Amino acid sequence: MSDKTINLGLKQNWQQFSLLVLINAFVGGMVGLERAVLPLIAEEEFGLASRLAVLSFIASFGWVKAIANLLAGRLSDKWGRKKVLLLGWLFGLPVPFLIIWAPSWSWIIFANVLLGVNQGLCWSTTVIMKIDLVGVRQRGLAMGLNEAAGYLAVSAAAFASGYIAARYGLRPYPFYLGVAFAFCGLLISWALVRETREHALYESALSRGQGRPDGAEDKKRLSGSKVSETFWHIFLYTSWKNRTLFSTSQAGLVNNLNDGVAWGLFPLYFASAGLSVKEIGILAAVYPALWGLGQMLTGALSDRTGRKPLIVAGMLLQGLGILGIVFQKEYAWWIVDMSLMGIGTAMVYPTLIAAVSDVVDAKWRASAIGVYRLWRDMGYVVGALAAGWIADQLGMDKAIGTIGMITVLSGGIVAMFMRETLPDEH
């Protein structure tokens, strides 16, 4: 492998980076289609009255996505990134068809199992590949652009599906977009994306003062037969042993815990207050829109000011937004509350992944990111089950308020236990 084939930096790799941004937009669009519509399908077409039953599709999605994240990181270190990306798109292809043709709610749950695999493999791999390409100096910016593309697509798809559903019905028309997303994502990934694992090897060699790897030694290290640490060590180190990584993992879990509630419970809560499908679609779009747009600023900002302040402040803003949903019962105020959630999440989301990348060795970074993303997306499972049960027992107000308080507490844990991870030379 020659010097000409491996260069780190956004400018040096802008073409591949841009392709990966586009692919992640298709990944986000796949899940965004469900944000405004699927909870309403559960009630109106399948007659589900239990909130826990309605949120079961998010629990199945989150559980499978969490495991897929873990596998994506490990398999990316062993097989290479591109193979995992293609595998993820193959799992995503049937999803819109299953939702369109579903005769029972069990079909929807199965579709979300496949969607979880798609999201875990594809989104994790685009994250890993972008970090591979840009190197140390621009991790926050890279994650900001990656997550911005994904969540702007979530927002656009949520708005579009809500608009289409209001005009043409809940099924099948909103999900025709998903067919286009899946086929475009697969074709671009197969035809145009190049492997990036060599970039991670190069970065690891530089960080160890070994110079640029080359030839047979490079191929030997890339064989995937060994990673510098055992998987069990990486899992424990990322989950618990390192206090900073523990802080980021729990914050990621709580972030997606409240996102799962916003996805599954908020549409039902807003509908119970008399809002129209179109108004619910707008609320469902505001939150990921600001989440997506904000990350283009916050990711790069974390490269300058540090990771910890943005994470702490972002978790507190999320919590205040969620609590505001309960205490402010007007549509205009709900726009403000969803905006606070979006801004807070924008501060947290790319910064957490950048912080994990700061701490771990590039040789096993993909595996560590997989562990972090396992815990983060387990938040969907915990949030769906906990919020669904509390809503059934005590009402939706109590469920949403509980999640808001947990989010504020999570920010406090980061403030107490996380150390700043931004390298001194950045």
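Every number here is computed from the coordinates shown, using simple stated rules; none is lab data. Source: prediction; values computed, not measured. Don't worry about glycine lacking a Cβ; one is built from the backbone with ideal geometry, like all the others, and counts go over all protein chains shown.
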**OP:** Quick one: among 135, 162, 370, which has the greatest mean-square fluctuation in a GNM of the chain with alpha-carbon springs under 10 angstrom?
**Re:** 135
**OP:** Distance check, please: which entries in 278/308; 11/363; 65/130; 65/241 exceed 27 angstrom between their Cα atoms?
**Re:** 278/308
Subject >> Choice from 260, 401, 252 showing the highest fluctuation, given a GNM over the chain with Cα pairs closer than 10 Å >> reply: 401
Original post:
Say R0 is 30 Å: what FRET efficiency, to the nearest 0.05, do residue 206 and residue 417 get from their beta-carbon distance?
Top reply: 0.50
**OP:** Kindly express, to the nearest 10 degrees and within the range 0 to 90, the angle between helix 81-92's C-alpha long axis and the longest C-alpha principal axis of the chain.
**Re:** 20
**OP:** Taking the chain as the reference, fit the longest principal axis to its C-alpha atoms, fit the long axis of helix 56-79 to the helix C-alpha atoms, and give the angle between the two in degrees, 0 to 90, nearest 10.
**Re:** 10
Original post:
So how do 183, 57, 175 line up by other beta-carbon neighbours within 10 Å, fewest first?
Top reply: 183, 175, 57
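Can you compute the FRET efficiency between residue 137 and residue 18 using 1/(1 + (r/R0)^6), with r the Cβ-Cβ distance and R0 = 22 Å? Round to the nearest 0.05.
Working from the Cβ atoms, E equals 0.75.
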**OP:** Would you mind checking the tilt of helix 197-207 against the longest principal axis of the Cα atoms of the chain, expressed as 0 to 90 degrees and rounded to 10?
**Re:** 60
Subject >> Paramagnetic label zone (point 7 Å from Cα along Cα-to-C-beta, residue 179; backbone N under 11 Å) in the range 106-125 >> reply: none
Original post:
Looking at the range 304-367, which trypsin sites (Lys or Arg not before Pro) are DSSP coil and have at most 11 other C-beta atoms within 10 Å of their C-beta?
Top reply: 329
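Pulled fully out, how much extra length does the chain show between residue 328 and residue 394, if you take 0.36 nm times their separation in residues and subtract their Cα-Cα distance?
Net length gain for the segment: 21.9 nm.
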Original post:
According to a simple spin-label model (label point 7 Å from Cα along Cα-to-Cβ), what is the distance in nm between residue 335 and residue 240?
Top reply: 4.8
**OP:** Among the trypsin sites (Lys or Arg not before Pro) in the range 1-59, which ones are in a DSSP loop with at most 16 other Cβ atoms within 10 Å of the Cβ? Mind listing them?
**Re:** 11
Original post:
Around residue 24, with a cut-off of 12 angstrom between Cβ atoms, what is the net charge of the other residues, counting Lys and Arg +1 and Asp and Glu -1?
Top reply: 0
